[in-house]
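A short worksheet on the structure shown next.
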Amino acid sequence: MRAPAAVVAAFVIVLGTAAPARADTVRDQEWWLNTLKVDQAQRITKGAGVTVAVVDSGVNADHPDLKGAVLAGRDMVSGKDGHFDAEGHGTAMAGIIA
């Protein structure tokens, strides 16, 4: 049984004008992923076995994205030993690097 031409045409128009599905609106707000071309970099390496220094306002070692991956250090803004990061900037930079 064939569908009437008008029904088929209406169906195609509706599908053609629908907005694409968005699964992750948070990722869409993370502009630096596109700016730093992270998707291209990750095709080359994921950084396994690499240690980097973040010379900034410390790093929150308890942040869920960084937990277990932060070594002892010093907050270069306040000069305090440990993981002091009142600004959150060092943690954000460590997250981008990770």
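Worth a mention:
- Members of segment 43-58 found to be at pLDDT 85 or above and of a type in the set (S, T, N, Q), listed by number: 51
- Residue count for segment 59-98 under the criterion of being of a type in the set (A, V, I, L, M, F, W, C), more than 19 Å from residue 38 (Cα to Cα) and surrounded by fewer than 16 Cβ atoms within 10 Å (Cβ to Cβ): the result is 5.
- Within segment 51-73, residues that are closer than 13 Å to residue 92 by Cβ reach partners that are open to solvent by 100 Å² or more (accessible area, probe 1.4 Å) with beta carbons closer than 6 Å, at six or more positions or on different chains, in the pairs 57/77; 57/87.
The values are calculated or read from the model by the stated rules, or taken from the named source; none is laboratory data. Not measured: the values here are computed from a predicted model. Quick reminder, even Gly has a Cβ in these numbers, built from the backbone with ideal geometry, and neighbours come from all protein chains shown. All accessible areas refer to the heavy atoms of the entire protein, side chains included, with ligands and DNA or RNA removed. Shrake-Rupley method; radii C 1.70, N 1.55, O 1.52, S 1.80 Å.
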